[in-house]
Amino acid sequence: MKKYTSVDDILNLNELLNLAKKIKANPLSNKYLGKDKTIGLLFFNPSLRTRLSTQKAARNLGMDCMVMNLNTEGWTLEFEDGTVMDGIASEHIKEAAKVISQYCDIIAIRCFPTLRDKEKDEEETVISSFVKYATVPVISLEGATEHPLQALADALTIEEYKKTERPKVVLSWAPHPKALPQSVSNSFVKIMKKMEVDFIITHPEGYELNPEITKGVPIEYNQEKAFKNADFIYAKNWSNYTNYGKIISEDPKWTISKRQMELTNHARFMHCLPVRRNMIVNDDILDSEASIVIPEANNRTYSAQTILTKILERLI
Ligand code: CP
């Protein structure tokens, strides 16, 4: 594996999931693979899980980690070509990416979308510029349109908790007071399309995700109908894709509660976290046995360790 910036970079999901299970069973079994190698974790946005689980994964492989909040601690970067840099940007990505590549064997980046400029967000300007100018492999820690490490952890969690060969998985939109990216949902859709699951998306009319990504996946506007006999409910908010970055509904009827969960086949509740209690999901669901959000977050370490293992194997 040369890079991991999208679920599209996964060539064989089953192979990755088998490796993830092996790593989880014995996380320190390959603790010298990353000896004398360094990963640089660059954050333009906040994080709890991604930041800590990726460091843990790297350390399990014997790697050194350097972590930098690039938005507050680094020079403001310029990404446009040919710009007269007389504004706030002090350093061009062309130099920055090449310089960081001399210090790190792998570069991992988190950079959320603007949610204002759809075209720019879809170009994944920051991550694709690092891919273009860095001389080492690049991993997304959540970009403008995808969160591929989260998706791999989600797939592993479903594998572990499924009770039937082909479980029914529902991705449900839920309300949120702030405009959120579509990244987690996009990567979840992509990875579910690679899995042996009956997958359906439910959201209020007008909240369609990028149709190129959801192509072939049934969309049900009636949330209760979608939840019927589901084995997994994956809740997530996303802002509007068509009316880009806007909130067009905060309908509390979409908050996941007992009313919907009772229609399912004793479904497990999943969310990538952080989650807004009693907005996305009610306390009584999140605090119940149905919720697997904590083991799901634990799998972030093994998801990251799996990807680092695949990249390091190629580097050595
Ligand atoms: N799920 C996730 O990416 O969590 P953080 O934003 O805390 O890293």
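What follows draws every value from the coordinates through simple rules; no lab data is involved. Treat the numbers as computed from the prediction; the structure is a model and nothing was measured. Neighbour counts run over all protein chains shown; Cβ positions are idealised from the backbone, glycine included.
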Flagged in the stretch 138-181 as of a type in the set (S, T, Y), within 16 Å of the ligand (Cβ to nearest atom) and part of a loop (DSSP other than H, G, I, E, B), in numbering order, are T145
Of L273, L263, L286, L209, the only residue that is of a type outside the set (G, A, S), in contact with a helix residue (DSSP H, G or I) (Cβ under 8 Å, 6 or more places away or on another chain) and on the phi > 0 side of the Ramachandran plot is L273
Report yes if some residue within the stretch 89-98 is buried (at least 17 other Cβ atoms within 10 Å of the Cβ), free of Cβ contacts under 8 Å to residues at least 60 places away in the same chain, closer than 30 Å to A20 by Cβ and away from the ligand (no atom under 15 Å from the Cβ); otherwise report no.
-> yes
The condition from (1) under 22 Å from G143 (Cβ atoms); (2) surrounded by fewer than 16 Cβ atoms within 10 Å (Cβ to Cβ) that V84 misses is numbered (1)
Within the stretch 47-63, of all residues that are polar (S, T, N, Q) and either within 16 Å of I109 (Cα to Cα) or within 8 Å of the ligand (Cβ to nearest atom) (or both), the one farthest from the chain's Cα centre (by Cα) is Q55
Do we have V126 as part of a loop (DSSP other than H, G, I, E, B), in contact (Cβ under 8 Å) with a residue 12 or more places away in the chain, surrounded by 14 or more Cβ atoms within 10 Å (Cβ to Cβ) and away from the ligand (no atom under 16 Å from the Cβ) here? no
Picking from N14, N71, the residue that is more than 16 Å from the ligand (Cβ to nearest atom) and either within 16 Å of I311 (Cβ to Cβ) or not in a loop (DSSP other than H, G, I, E, B) (or both) would be N14
Only unsatisfied item for T114, checking (1) more than 15 Å from the ligand (Cβ to nearest atom); (2) part of a strand (DSSP E or B), is (2)
> Is it true that some residue in the stretch 277-296 is under 14 Å from P27 (Cα atoms), touching a Lys or Arg at 6+ places or on another chain (Cβ under 8 Å), in contact (Cβ under 8 Å) with a residue 12 or more places away in the chain and of a type outside the set (V, I, T)?
Replying inline: no
Just one listed residue, out of R116, R110, is touching a Lys or Arg at 6+ places or on another chain (Cβ under 9 Å) and among the charged types (D, E, K, R), and it is R110
